[in-house]
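Chemist: Got a structure for you, written out below as structure tokens; questions coming shortly.
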Amino acid sequence: MSTVNEIKKEIVMTRVNEINYVIVEISGRQFWIEPSRWYDVNRIPTEVGKEIVLNRVLLASEKSGYVKIGIPYLDGVKVKAKILKHLRGPKTIVYKMRPKKKTRKKQGHRQNLTRILIDSINVTKS
């Protein structure tokens, strides 16, 4: 039976180029992140063009197929991203109706989003 400290030591990764993908928590949602791709996430209140670091990495997978799982997060794994633009999502129609009461309410909603580009996934020895 292994302890939590032994599991954390096993989680530490040493090679930077071997990372295939990571699962990151961003503003309460989990995203499957790969390098050099862009993602639309909930609005991040930062200027366009600024670099951000995502450090809530839940899982990391190497190209060799080895998967590392954090308890709850991985130490030493950081994802660097750049904010490309702020935008709004597609319109969602909310329609509420009470039958036989002549009560109808139609409402629209557009979520504020931020498009980020993943620059790199960095691993540091801890």
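Chemist: Name the single residue that is farthest from Pro90 (Cα to Cα) among those in region 35-58 being part of a loop (DSSP other than H, G, I, E, B) and among the polar types (S, T, N, Q).
Modeler: Here is the first cut: in region 35-58, the ones part of a loop (DSSP other than H, G, I, E, B) are 35-37, 43-50, 55-56.
When the remaining residues are screened for being among the polar types (S, T, N, Q), the result is 36, 46, 55.
On the way: Ser36: 24, Thr46: 22, Asn55: 29 Å.
Once the filter is applied, the top-ranked residue is Asn55.
Chemist: Can you pull out every residue in region 32-45 that is in contact (Cβ under 8 Å) with a residue 40 or more places away in the chain, farther than 20 Å from Val77 by Cβ and more than 12 Å from the chain's Cα centre (by Cα)?
Modeler: Arg43
Chemist: Inspect all residues belonging to region 92-107 and state whether any of them is at pLDDT below 95 and among the hydroxyl-bearing types (Ser, Thr, Tyr).
Modeler: no
Chemist: Next question. Filter region 66-87 down to the residues that are of a type in the set (D, E, K, R) and closer than 17 Å to Thr46 by Cβ, then identify the one that is surrounded by the most Cβ atoms within 10 Å (Cβ to Cβ). Don't jump to the end; show me each part of the working.
Modeler: First, pick out the residues of region 66-87 that are of a type in the set (D, E, K, R): 68, 75, 78, 80, 82, 85.
Filter once more, keeping what is closer than 17 Å to Thr46 by Cβ: 78, 80, 82, 85.
Values: Lys78: 18, Lys80: 15, Lys82: 15, Lys85: 12.
Ranking the qualifying residues of region 66-87, first place goes to Lys78.
Chemist: If you don't mind, another one. Could you pull out the residue among Val22, Val41, Val94 that is of a type in the set (Val, Ile, Thr) and loosely packed, with under 14 Cβ neighbours inside 10 Å? Break it down stepwise before answering.
Modeler: Numbers: Val22 fails: loosely packed, with under 14 Cβ neighbours inside 10 Å; Val41 fails: loosely packed, with under 14 Cβ neighbours inside 10 Å.
Criteria check complete, one pass: Val94.
The values are calculated or read from the model by the stated rules, or taken from the named source; none is laboratory data. All values reported here derive from a predicted model rather than from experimental measurement. Cβ coordinates were reconstructed from backbone atoms using ideal geometry, including for glycine residues, and neighbour counts include every protein chain displayed.
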